[in-house]
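Enquirer: This is the structure, below, for whatever I ask next.
The values are calculated or read from the model by the stated rules, or taken from the named source; none is laboratory data. Everything quoted here is computed from the prediction, not taken from an experiment. We place every Cβ from the backbone using ideal geometry, glycine too, and count neighbours over all the protein chains shown.
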Amino acid sequence: MALGDCWKQLSWFYYQYLLVTALYMLEPWERTVFNSLLISVAGMAVYTGYVFMPQHIMAILHYFEVLVHPPVRLPAPGLEVGIISSHQEAGSCADSRIHTFLTDEGYRRTRSDTFASASSAL
Amino acid sequence: MTRTGTNGNLKTHLSHSELKYECIKIKGFNNNNNSTRKEKNVPGTAVASRQHRQESFEQPPIYVAVMTYVGFGIVTLFGYLRDFLRFVGLEKRNVAQEREEQKDFTPLYQDFENFYTRNLYMRVRDNWNRPVCSLPGPVFDMMERVSDDYNWTFRLTGKTLHDVINVGSYNYLGFAENNADFLKTVADKTRQYGVGVCSTRQEIGNLSIHEELEQLGAEFLGVESSMIFGMGFATNSMNIPALVGKGCLILSDELNHTSLILGARLSGATIRVFKHNNMHSLEKMLREGIVSGQPRTHRPWRKILIMVEGIYSMEGSVVRLPEIVALKKKYKAYLYLDEAHSIGAVGRSGRGVTELFDVNPADVDVMMGTFTKSFGAAGGYIAGKKEVVDYLRSYSHSSVYASAMSPPVAEQIMRAMKCIMGKDGSTEGIRRVRQLAENTRYFRARLKEMGFIIYGNDDSPVIPILLYMPGKVVAFSREMLARKIAVVVVGFPATPITEARARFCMSAAHTRDMLDQVLHHLNEAGDNLCLKFSRRKYPSWSDIQEEEDFELGN
């Protein structure tokens, strides 16, 4: 019985959606085309969000210095992802913004490591 | 002697003119306290004793406008897609096309101009032109029709829908009736004169019944003389060219009817449009017109004609007649008042907007109206001073070239007019006028209480409910028909694109039961389709009734 009510409510919402977007005036195959386009675009947006959003949020928090240490583990295994924006001036380590990245081997570089390699490069 | 109020209304303090207006309130009109007014609180004239006449044009929440545009955008995109499929050949073309042999000639049918008709209107055109198979009274019968190919073609199933409540016909006083007693005189005149006139008024088609009707019309309106024409639209479009010409200035309201616009364009005069019912805009244009004169030569205009309507049928708003008459006298312009929807429908005794505002009919230079709406017949009239009407008898295109009015139609108008004036010895006419006013007030109050957005003046029997979104417009019409109520919905070309509406026309023949039934179904349809956009709170009908009983009783 609850399922019947749920179904009625859902079909009322679907009716409102059809009315508001004027799909009510279109033929059934046009509605199918529009709905598939909408669902695929929405699905792609959701997937992209799922993949990238945590990483972006951690980076933003680090930028605003809410998070003191740069984010370390990225929850996207197997991905070659590198976002580096680093600039360092001589002697001022506070300016450098180095994100870590995960290479194929899965090890991570810490801040001091990068520093050492950068200063050794000079 | 005029001061402008805060939102553009004129406050006129005329102490020694014949109008004797005291004050016009900010939000509406307060048109009594006039020493020539006869009655104050006669029982049954609750309409006349109401003090305020408010016009409201409420705006919906912003998401409504956004979603309306989104809806139109989606349907337009699919329109382009369908046009492409038709062009490529994947889909059959249903519109008119040239023959194969003429494909290389200059195109006869401009495809893109019909984009809107082909891709929006055709999809949903089962909501218009529905076949009616009985008298268009308060209830009528419709024939059921279905379409197999998405409204390109229809077929009648043979079934008749009986007793559909009619809230779309302009049957304001209920004179569209087929009661044999009432129509007896019409039948007699048909026997006497026949049906066709077979000539124009000027030649040999001037029957004595036309003369009688013209005299009766002049008496009804309170003017010197009047003239009748066979068709209402043609009355406007054929007579304005006779009254104004090149070198004249026409100031016409933004929302004037097509017949007025057509007549103005045919005349060759310069047309300037002022904002709807906005006296500031009109005064500004009058001043500019008088100061600068004709466009290049700066000579004074030969005439300045202000064209307005009594009730605007798409909004239900009423013209601000006292203010326009004051302006007209100040700047010495002429006034053309088109009372197509207001004659018979407003006013204490059905005489139109001049009676509603207690304006002397002699102040309006040309009064025009039609008999299609309140009188249940066909045709139009022009009334005013004897010189104007006599001039039109010779110079109007309609009187010289168009066929005269048919005798049974003329008799129907005469019997309706006599009924309204009370000359047939009964109180039926005045009862109908009051019933219409009562129905109007009740319906409007209940609709506002339910939460719909309604446009227009509280006194006008034309009630547009705003629906805004194209999908909802169509669904509303179909749902109401399924509940056996026939409504008229109006969309884009006739209204602005975001303001599609359903237009209800009240009738004196509607009983309270019918109105309650319509309101009940409107309530349900409004909930199903989420049409109640209003964000204002109105008092409920029972509260209004209590207030009125108190007002009448004191």
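Enquirer: Could you tell me which residue of segment B:268-286 is farthest from B:Val308 (Cα to Cα), considering only residues that are in a helix (DSSP H, G or I) and within 23 Å of the chain's Cα centre (by Cα)?
Expert: Ranking the qualifying residues of segment B:268-286, first place goes to B:Ser281.
Enquirer: Could you say whether any residue in segment B:204-225 is part of a loop (DSSP other than H, G, I, E, B), surrounded by fewer than 19 Cβ atoms within 10 Å (Cβ to Cβ), at pLDDT below 95 and hydrophobic (A, V, I, L, M, F, W, C)?
Expert: Yes: segment B:204-225 contains one or more residues that are part of a loop (DSSP other than H, G, I, E, B), surrounded by fewer than 19 Cβ atoms within 10 Å (Cβ to Cβ), at pLDDT below 95 and hydrophobic (A, V, I, L, M, F, W, C).
Enquirer: Could I ask something else about it? Residues that are touching a residue at least 40 places away in the same chain (Cβ under 8 Å) and in contact with a His (Cβ under 8 Å, 6 or more places away or on another chain): find the strands (runs of 3 or more DSSP E) completely inside segment B:325-409 holding 1 or more of those.
Expert: Of the strands (runs of 3 or more DSSP E) lying wholly inside segment B:325-409, those with at least 1 residues that are touching a residue at least 40 places away in the same chain (Cβ under 8 Å) and in contact with a His (Cβ under 8 Å, 6 or more places away or on another chain) span B:334-338.
Enquirer: Additional query: Which residues, taken from segment B:226-279, are buried (at least 19 other Cβ atoms within 10 Å of the Cβ) and among the acidic types (Asp, Glu)?
Expert: If the condition is that a residue be buried (at least 19 other Cβ atoms within 10 Å of the Cβ) and among the acidic types (Asp, Glu), then B:Asp253 is the only one that fits.
Enquirer: Scan segment B:56-77 for residues that are at the interface with chain A (Cβ under 10 Å from one of its Cβ atoms) and either over 17 Å from B:Lys472 (Cβ atoms) or in contact with a His (Cβ under 8 Å, 6 or more places away or on another chain) (or both) and report the count.
Expert: So the count comes out to 2.
Enquirer: Mind counting the residues in segment B:421-441 that are assigned to a helix (DSSP H, G or I) and more than 20 Å from the chain's Cα centre (by Cα)?
Expert: Count: 5.
Enquirer: Any idea which of B:Met414, B:Met421, B:Met450 is more than 14 Å from every other protein chain (Cβ to nearest Cβ), modelled with pLDDT of 90 or more and under 15 Å from B:Val518 (Cα atoms)?
Expert: Testing whether each residue is more than 14 Å from every other protein chain (Cβ to nearest Cβ), modelled with pLDDT of 90 or more and under 15 Å from B:Val518 (Cα atoms) leaves just B:Met450.
Enquirer: Something else now. Out of all the residues in segment B:284-315, which are free of Cβ contacts under 8 Å to residues at least 24 places away in the same chain and of a type in the set (Asp, Glu)?
Expert: Matches in segment B:284-315: B:Glu288 only.
Enquirer: Shifting gears a bit: State whether the residues of segment B:78-88 include one that is more than 14 Å from chain A (Cβ to nearest Cβ) and either among the acidic types (Asp, Glu) or loosely packed, with under 10 Cβ neighbours inside 10 Å (or both).
Expert: Scanning segment B:78-88 turns up at least one residue that is more than 14 Å from chain A (Cβ to nearest Cβ) and either among the acidic types (Asp, Glu) or loosely packed, with under 10 Cβ neighbours inside 10 Å (or both).
Enquirer: Here is a further query. Would you mind finding the one in A:Leu3, A:Leu10 that is away from every other protein chain (no Cβ under 12 Å), out of contact with any His (no Cβ under 7 Å at 6 or more places or on another chain) and under 30 Å from B:Gly491 (Cβ atoms)?
Expert: A:Leu10
Enquirer: Could you tell me how many of the residues in segment B:399-421 are closer than 16 Å to B:Ile343 by Cα and not aliphatic (A, V, I, L, M)?
Expert: Result for segment B:399-421: 4.
Enquirer: Got a sec? Which of B:Ala502, B:Ala525, B:Ala486 is within 14 Å of chain A (Cβ to nearest Cβ) and under 30 Å from B:Met122 (Cβ atoms)? Please lay out each step first, then the result.
Expert: Numbers: B:Ala502 fails: within 14 Å of chain A (Cβ to nearest Cβ); B:Ala486 fails: within 14 Å of chain A (Cβ to nearest Cβ).
Answer to the selection: B:Ala525.
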